[in-house]
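The values are calculated or read from the model by the stated rules, or taken from the named source; none is laboratory data. Everything quoted here is computed from the prediction, not taken from an experiment. Cβ atoms come from the backbone with ideal geometry, glycine included; neighbour counts cover every protein chain shown. The accessibility values were calculated without ligands, DNA or RNA, using every heavy atom of the protein model including side chains. Shrake-Rupley method; radii C 1.70, N 1.55, O 1.52, S 1.80 Å.
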Amino acid sequence: MLRQFLILLFLIPFLAAAQEQIILNLDDQIPQDKKVISGELDNGLKYYIRQNPEPQKRAELRLVVKTGSVQEDDDQQGLAHFVEHMAFNGTKNFEKQQLVDFLEKSGMRFGADVNAYTSFDETVYMLTLPTDSVKIFESGFQVLEDWAHNVTFDSAEIDKERGVVVEEWRIGRGASSRVRDKQFPTLFHNSKYADRLPIGKKKILEKFEHKTLTRFYQDWYRPDLITVIAVGDFDVANVEGLIRSHFEKLENPDPAREHKDFPIPDHEELMFAIASDPEVRYSSLALYTKIEVHQDKTVADYRQSIVKQLYSTMLNQRLSELTQKENPPFLAAQTGESHFVKTRGFYVMNAIVSENKLESGLNAILTESERVKLYGFTASELDREKKSFLRSMEQAMREYDKQKSNRFASEYIRAFLDGEPIPGLEYEFEVYKKYLPTITLDEVNKVGQLWVKKSGRVVTVSLPEKEGVVVPEEDALMAEIVAFNQKEILPYEDIALDKPIVELPDGVSKIVKEMVFEDVGVTELQLANGVKVVLKPTDFKNDQILFSATSPGGISLIETADLIAGETADALIQNSGVGNYNLIGLQKFLSDKVASASPYIGDISEGFYGSASPQDLETLLQLVYAYFKAPRMENDAFASFSKRMEAILENRDSSPGTAFNDTLNGILTRHNPRSKPMTYADISQLNMEQSEKIFKERFADGNDFRFFFVGNFTLDSIKPLIEKYLGLLPVLESEETWRDNNFEYPKGIHKRKVYKGLEPKSSVALVFTGDINYNAEDRFKMTAFKDVLRIKLRERLREDKGGTYGVGVRTVYGHYPKERYKVTISFGANPERVEELKKEVFVQIDSLKNFGTTQDYLDKVKETKSRNYELSLRENRFWLTKIQTSYFHGFPLENILKTPEMIEALTLQDIQDAAKKYLDTENYVDVVLYPEDWGK
């Protein structure tokens, strides 16, 4: 439970005024949160209900079926997942596509608000619905009921959906799937999991009899294997009544098939799964140790889960430090406990290494594990992580009344499937406060003895198949595992400085100008040194302040010969630390703080992005000041970064996607040297001194920066900090702007075929470009037209023709440095059907341009935009983006509030006009990726 909590921070609300005293003892059973209403119907169906106000007027509904691909018979491989697809293709109360149509008319987006997934052990259906419409909200429970026992499995729909599911299988094929196919039989040795990937087998998907599909549904979709979860802004009693009225009538089959668990047996011998592939881009290895699945049932169990997380976090910090060395033994490494199947846990140690460095990489991660075994962690490491853990919990508690409903829904899914306790954050925080201080070094050090054992071990290796890369022998890897503990291992030395990030001179720069924009709650300040700051206090989150900053210039002011140095300058600086701290020291200094500030150098601007807890806002501003006044460039950081870039880029060209994207980019940019992606040949152009010089030039003048802060602060509390830190930024008497080095889009029709890749799959990109007169109204109409086109193409290419898993429609409506647009339509498909599907795309384009769309499509788009806007108004990220965008484009801030007016004013003619304007069929780029042996 703790593991999941720390990763996702499931923040559970509580009312401090009504807080009851919690008395804890280690042998106590962990209770269920009193704010969760749970129950079980007579037929065995379970439910979890929680009232939660965020987001307002929304509910998260889940139907969780405790069955997945591992329950499939031999002739059903892939059909658990196929059933999930069919749930969206017709039920008793929603024929064929009526379900998706109903949800889209409710303002919900297919994929974002309406979705499902199937794994080895479960199938989960997800709905996000508005609660301010009783009809829509209550219809959601009818949808859940239909999924549970009323899917119709229309024969024609089944056969159409074959194509969609096969295309999902096809899209997943590639180097990683081929490596997985070689490794899973060893990792899941002697277990049914080895032969039950949820996507299934293509031959079965193409040829199964319809009754084989319905047999799975009848066997496993039954109330004793189902739970219903509802979390949101609603009346709990009403929801409980809806669940009972919809699900009490469901019956279990008689006789019912036994629902079995399928173990993954242990084994004494060390097993290996070594796979090379011509399209693999990196060499990587992992040592899996099979461990028992353990449930936290008592307070003592919970405490032990904290102990294990402390062990993993501290060991991972040590591994991360090794990557910062001049000649790192691996490029990245991580260890931790993992549970990706129900019946077996894994302790995993994995690493990405340079070519022909697999043995030394394995030796390095084993050596660090052995170092802990021999000497343990240090008291300073444990103290630092305890503070960090407690700080995370405190932050979670501050957000108790702002937690989003989908977080709770995910927690209750795990409660049903895995037996995870759900005591509520208030209870968990009390456990932390009482027992975290009592955890000793000896306890943490002993965790390795639980995880690092000689039985149940599997080593997996994946590496590029190419000349010069040696495939390791099992005996060589075995020798490394034996040899690592035969060398001298010294204790770890924990070096942590106790200094400020940077020394600050005396004095401040006072605010000399203040403007208030009351309609949007924004205040703009100007300091005496010329720095401008835009502030919007909010109460959307209790413990969050988001921040950004921007200044004109960016890469555009750098000469072409120095592009690589410029493009990598921000990353090199960040990898070197800042002020008095290198990166390792900075990470330790910030470990118990919630503050981050990352500088960037973009195409036409430079700036920052970051965030902080209100109590750590001063730390964020110290970081910003330090990046201006005391950036660092470390030799070791440069060498480490260079090694990692070599590994990233040395096999870049082996990827079919790289060949496809490079071809598309080359045509669109006319092979402009300033727009080409970085390649392995560019490694030689990395230049530490030039990168440092460029960074310092871009961040030399605070006068042309504008800073934006949105979140939980008051003007009175933030102003003194702004004067103290931003008021002391360096100022130059100069004005800069970006330079237009950009390319012109090509004119006419440009078609290319790219032949690369082993799998029988194609990728298609159709890109329409042109010039515009930039304005907010046309930009909005373009997004509306895009949404209509996306729905129509999904319906025709996926639902009607079964030709693709999904169609993407993306738009770029650019202002600077050139006023122009780009519309990209993309999809994956069987190479044999590419021309057929492209033709259909142009049929839909022609229809939209000549005949427009219908009120039905327009209403869907308008309702979706209204619902999204409604939610966005209470998101700090939305306001930060909109405010910064308004300043960047010179738009009035009050335009942010005019979205409802633009939605209301949107017409069918607007959609048709946009299609005519942005889809010029005499001016586009058409690039298709085919397998390398296609047509031979």
(request) Enumerate the aspartates and glutamates that Lys936 could reach by cross-link, defined here as Cα to Cα under 16 Å, with residues fewer than 8 away along the same chain left out. (result) Glu759, Glu832
(request) Using a 1.4 Å probe and ignoring any ligands, DNA or RNA, find the accessible area of Tyr117 and quote it in Å² to the nearest 10. (result) 80
(request) May I ask you to derive the FRET efficiency for Lys916 and Arg877 from their Cβ-Cβ distance with R0 = 60 Å, giving the value to the nearest 0.05? (result) 0.95
(message) What FRET efficiency comes out for Gln526 versus Ser177 if R0 is 56 angstrom and r is the Cβ-Cβ distance? Round to the nearest 0.05.
(response) 0.50
(request) For Glu894, Glu606, give the ranking by accessible area with the largest first, probe 1.4 Å. (result) Glu894, Glu606
(request) Skip the ligands, DNA and RNA, and give the accessible area per residue of region 398-553 with a 1.4 Å probe, whole Å². (result) 47
(request) Find the relative contact order for the chain and round it to a whole percent, using C-alpha pairs within less than 8 Å whose residues are 6+ positions apart. (result) 15
(message) Need one word for region 37-248: rounded, prolate or oblate. Basis is the Cα gyration tensor (sqrt eigenvalues a ≥ b ≥ c); a/c below 1.5 gives rounded, then a/b vs b/c decides.
(response) prolate
(request) Return the carbon/sulfur percentage of the accessible area of region 419-545, one whole number, probe 1.4 Å, all protein chains in place. (result) 51
(request) Would you mind calculating the relative contact order of region 363-443 from Cα pairs under 8 angstrom and at least 6 residues apart, reporting the percent as a whole number? (result) 47
(request) For the chain, build the charge dipole from Cβ charges (+1 Lys, Arg; -1 Asp, Glu) around the Cα centre, then report which of Met349, Gly448, Ser177 sits farthest towards its positive end. (result) Ser177
(request) Might you tell me the accessible area per residue for region 37-248, computed with a 1.4 Å probe and given in Å²? (result) 34
(request) Give the accessible area for Lys446 in Å² (nearest 10); use a 1.4 Å probe, count only protein heavy atoms, and leave out ligands, DNA and RNA. (result) 100
(message) Give me the percent of accessible area attributable to carbon and sulfur for region 636-724, probe 1.4 angstrom.
(response) 51
(request) With a/c under 1.5 counting as rounded, go ahead and sort the chain into rounded, prolate or oblate using the C-alpha gyration tensor (a ≥ b ≥ c being the square roots of the eigenvalues; past the cut-off, prolate if a/b is larger than b/c, else oblate). (result) rounded
(message) If R₀ is 56 angstrom, what is the calculated FRET efficiency for the pair Ser598 and Asp254, using the beta carbon separation as r and rounding to 0.05?
(response) 0.40
(request) Kindly sort Ile199, Ile722 by accessible area of their heavy atoms, largest first, with the probe set to 1.4 Å. (result) Ile199, Ile722
(message) What distance in nm lies between label points placed 7 Å from Cα along the C-beta direction at Asn327 and Val516?
(response) 6.5
(message) Just to confirm the filter: which GluC sites (Glu not before Pro) across region 238-302 are DSSP coil and have at most 14 other Cβ within 10 angstrom of their Cβ?
(response) Glu248, Glu251, Glu258, Glu268, Glu269, Glu292
(message) Using the Karplus curve 6.51 cos²θ - 1.76 cosθ + 1.60 with θ = phi - 60°, what ³J(HN,Hα) values do you get for each residue of region 630-635, in whole Hz, with x for Gly and Pro?
(response) 9, x, 10, 9, 9, 4
(request) Among DSSP beta bridges whose residues both lie in region 37-248, state the antiparallel percentage, nearest 5. (result) 80
(message) Taking the full set of protein chains and a 1.4 angstrom probe, give the accessible area of His294 in square angstrom, rounded to the nearest 10.
(response) 110
(message) Can you compute the helix-only [θ] at 222 nm over the chain? Use -39500 (n - 2.57) per DSSP H run of at least 4 residues, normalise by all residues, nearest 500 deg cm²/dmol.
(response) -12500 deg cm²/dmol
(request) Quick one: pull the percent of accessible area on region 749-930 belonging to carbon and sulfur, 1.4 Å probe, ligands and nucleic acids left out. (result) 47
(request) Report, for region 749-930, the % of DSSP beta bridges that are antiparallel, rounded to 5. (result) 75
(request) Show Ile545, Ile352 ordered by accessible area, largest first, where the area counts protein heavy atoms only and the probe is 1.4 Å. (result) Ile352, Ile545
(request) Give, in nm to one decimal, the length gained when the segment between Ser133 and Gln56 is fully stretched (0.36 nm per residue of separation minus the Cα-Cα distance). (result) 26.4 nm
(request) Take every DSSP beta bridge with both residues inside the chain and express the antiparallel ones as a percent of the total, to the nearest 5. (result) 80
(request) Rounded, prolate or oblate: pick one for region 749-930, where a ≥ b ≥ c are the square roots of the eigenvalues of its C-alpha gyration tensor, a/c under 1.5 means rounded, and failing that, prolate if a/b is larger than b/c, else oblate. (result) prolate
